[in-house]
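The values are calculated or read from the model by the stated rules, or taken from the named source; none is laboratory data. Keep in mind that what you see is a predicted model, and the values were worked out from it rather than measured. Cβ placement follows ideal geometry from the backbone for every residue including glycine, while neighbour counts extend to all protein chains displayed.
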Amino acid sequence: MTQETKVKASFPSVEWFDALREIVNADDVYRRIGTCDAVVGIKIPDRQKYFRLTFEAFEVLNASEVSEVDAEGTDFWLEMSYERWKEMIQNIGDNGKADLNHTLNTIDLEDPDGIARSHDGYRRDAFYRFNQSFQHLFDSSAKIDTQFV
Amino acid sequence: MLVTQMESGIRADQAERFIAQQERMRQVSSGEETPYFGWMHVPTEWGIRARRGKKGLTVGALNVGTYGDIPDEWPYQTEMPRGAHPIPGVPAMGYSIYEKAELWADNAADLYEEAIQRRWRPATDIPWDTLQPLPDEIERAMCQLCTYFSEKALLAGDVVGKWLPEMSYGYHEVKLYLSTAEFDAARHFEVFRKRALSNGGGLGMQSPGYFHRAIFDARNWTETSVALHILSNSFLMGLYQVGEYVAQSEAEALIFRLSMQDIARQIAYGVQHLKYFLLRKIDRRPEVHTYLNKAEAIMAYEDEQDTPRREALIILLGGGLSKEQVQEGVSKLDYFKRRWMRDYLTRLAAAGLPERREHLHPALKRYLVEPAVAQAV
């Protein structure tokens, strides 16, 4: 029996999001969830780290590090403190996927302002329209050997 | 032969056309008549090659050349597809919506493709084996919610089913998308009934139904869409989010996440339709507020009257029936209602109705302050 070799990547970094992107782009389960068209910002304000993920049809097309303004110039952005991101990713790593207390929806509801934020009430709803695709994407981080910096 | 055809339920003129056509076919096949082939010179646009994109050959991609011309007024009263050539004498179908502003949404074709791509099957996509026996009060509360969701889904299907035959064929993107919304409603009825009947529980009490009738009795599609897709579905989206939040198993969590996706598409249609309507019917803006005044008032009343649903939510959010748990459930329900109200108003603002905040029904206005922090169950 062979043991699966995990890709190593540090969070937060473009390399980490690229590793995630490559995993889901080769994943039939992600494809079967259906098409997903959205531009999503990632914000980790206490580390001043901002990213932008582009979802198009059946793949995550691009991941890039951007300015805070560009992270907000998206359909919606996911904003959490570094410790909250770390807790979610560690929980996914420990369980193979988010447990019931660490899904994106649950974390969003616990934050009075929500973690899924947008300047536009219509574009924010992409968080719900494609929720299972986003959940599957982050659940796939269980396949990355994540180093926290 | 004419009598036989009429006895089978078709009208005399239809039967005559059918018989004449049969006779022509017989003459052509027996060599008695020279083929006509005039239909091959139909004056529609020819030589079209719609292009596939990353998502395959989509309905939106078919809108090329004259086939992409979507008129503000649809002049035909028959079932002729947009872009085909009309023939005289075809009976009217009795549609009542011929104006684009009365039903259009720019995202309709994309939402149709999205709904088809992201469809799911409750029978096999949900990990039903993860359901576990639950404390009696939790099972009863979840089953009461599932009863409510099933009822809402049946209503949504009936409402859309009632309006589809009113919409003329010029706007097939909307008709196609709403057909998937109707199927989504059937799926939601199915999945919540399955959840209620698969873990040792059963169905609960029906809801008072005041709001159902308000939606069903709406006299035009825009009123129906605003009440159903934006107001009612914003509330339903909030309930599905809470359902995922209090889920006791992978099965429940996935049911609610997938249902959220379906409802979000309906909200997206409603928001884009209202936006289109308001931009083209500037004088009817006060009328939209009247629709919402009526719908919000009935919804607020129903919310007060539906004790089983409210108490089921309190039990699920508090985690049980003890005094402390009930207090926690009440507090969390209040917190979530503030979020729902915020999301409802931001959707209306995105549709071009930001002033609704000032017109909100008094019973809903009390939820307009910022929510406090909630903790996971």
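Brief remarks follow.
- Of all residues in the stretch B:334-367 being hydrophobic (A, V, I, L, M, F, W, C), facing chain A (nearest Cβ under 10 Å) and in contact (Cβ under 8 Å) with a residue 24 or more places away in the chain, the one that is surrounded by the most Cβ atoms within 10 Å (Cβ to Cβ): B:Leu348
- Condition met for A:Phe76 (within 14 Å of chain B (Cβ to nearest Cβ) and in contact with a strand residue (DSSP E or B) (Cβ under 6 Å, 6 or more places away or on another chain)): yes
- Residues within the stretch B:194-241 that are within 17 Å of B:Pro308 (Cβ to Cβ), surrounded by fewer than 23 Cβ atoms within 10 Å (Cβ to Cβ) and of a type in the set (A, V, I, L, M, F, W, C), tallied: 5
- Positions within the stretch B:130-154 being part of a helix (DSSP H, G or I), touching a residue at least 12 places away in the same chain (Cβ under 8 Å) and more than 19 Å from B:Ser232 (Cβ to Cβ), in sequence order: B:Thr130, B:Glu137, B:Ile138, B:Glu139, B:Arg140, B:Ala141, B:Met142, B:Cys143
- Residue count for the stretch B:70-107, restricted to those that are within 14 Å of another protein chain (Cβ to nearest Cβ) and crowded, with 17+ Cβ neighbours inside 10 Å: 2.
- Candidates B:Leu164, B:Leu111, B:Leu145: the one that is surrounded by 21 or more Cβ atoms within 10 Å (Cβ to Cβ) and more than 14 Å from chain A (Cβ to nearest Cβ) is B:Leu145.
- Restricted to the stretch B:214-319, the set of helices (runs of 4 or more DSSP H) holding at least 2 residues that are within 30 Å of B:Ile97 (Cα to Cα) and within 14 Å of another protein chain (Cβ to nearest Cβ) comprises B:233-245, B:250-280.
- Within the stretch B:50-89, being over 29 Å from A:Ile33 (Cα atoms) and among the charged types (D, E, K, R) holds for B:Asp69, B:Asp72, B:Glu73, B:Glu79, B:Arg82.
- B:Ala214 assigned by TED's automatic domain parsing to the domain that holds B:Leu134 and either on the phi > 0 side of the Ramachandran plot or modelled with pLDDT of 95 or more (or both): no
- If you filter the stretch A:38-52 down to residues that are without any contact (Cβ under 8 Å) to a residue 40 or more places away in the chain, buried (at least 16 other Cβ atoms within 10 Å of the Cβ) and not β-branched (Val, Ile, Thr), you find that the one that is farthest from the other protein chains (Cβ to nearest Cβ) is A:Lys49.
- Note on the stretch A:11-84: enclosed strands (runs of 3 or more DSSP E) holding 1 or more residues that are more than 12 Å from the chain's Cα centre (by Cα) and acidic (Asp, Glu) are A:49-56, A:59-65.
Condition check ((1) farther than 30 Å from A:Gly34 by Cα; (2) over 25 Å from the mean Cα position of the chain (by Cα)) across all residues:
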residue: B:Ser259; (1), (2): no, no
residue: B:Ala297; (1), (2): yes, no
residue: B:Tyr301; (1), (2): yes, no
residue: B:Glu311; (1), (2): yes, yes
residue: B:Glu324; (1), (2): yes, yes
residue: B:Gln327; (1), (2): yes, yes
residue: B:Lys332; (1), (2): yes, yes
residue: B:Thr346; (1), (2): no, no
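- Within the stretch A:45-66, the set of residues being out of contact with any Lys or Arg (no Cβ under 9 Å at 6 or more places or on another chain) and not polar (S, T, N, Q) comprises A:Pro45, A:Asp46, A:Arg47, A:Arg52, A:Phe55.
- Of the set (1) in a helix (DSSP H, G or I); (2) among the charged types (D, E, K, R); (3) within 14 Å of another protein chain (Cβ to nearest Cβ), all apply to A:Lys97 but (1).
- Residue list for the stretch A:56-78, restricted to those being touching a helix residue (DSSP H, G or I) at 6+ places or on another chain (Cβ under 7 Å), among the charged types (D, E, K, R) and surrounded by 17 or more Cβ atoms within 10 Å (Cβ to Cβ): A:Glu59, A:Asp75
- Matching residues in the stretch B:167-179 - criterion: being under 16 Å from B:Leu111 (Cβ atoms) and either touching a strand residue (DSSP E or B) at 6+ places or on another chain (Cβ under 9 Å) or buried (at least 22 other Cβ atoms within 10 Å of the Cβ) (or both): B:Met167, B:Tyr171, B:Glu173, B:Val174, B:Lys175, B:Tyr177, B:Leu178
So that you can scan it fast, the table gives a plain yes or no per residue for (1) closer than 24 Å to B:Arg265 by Cβ; (2) of a type in the set (Val, Ile, Thr):
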site	(1), (2)
B:Gly83	no, no
B:Gly89	no, no
B:Thr124	yes, yes
B:Met167	yes, no
B:His172	yes, no
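- Positions within the stretch B:307-334 being within 16 Å of B:Gly238 (Cα to Cα) and small (Gly, Ala, Ser), in sequence order: B:Ala312, B:Gly329, B:Ser331
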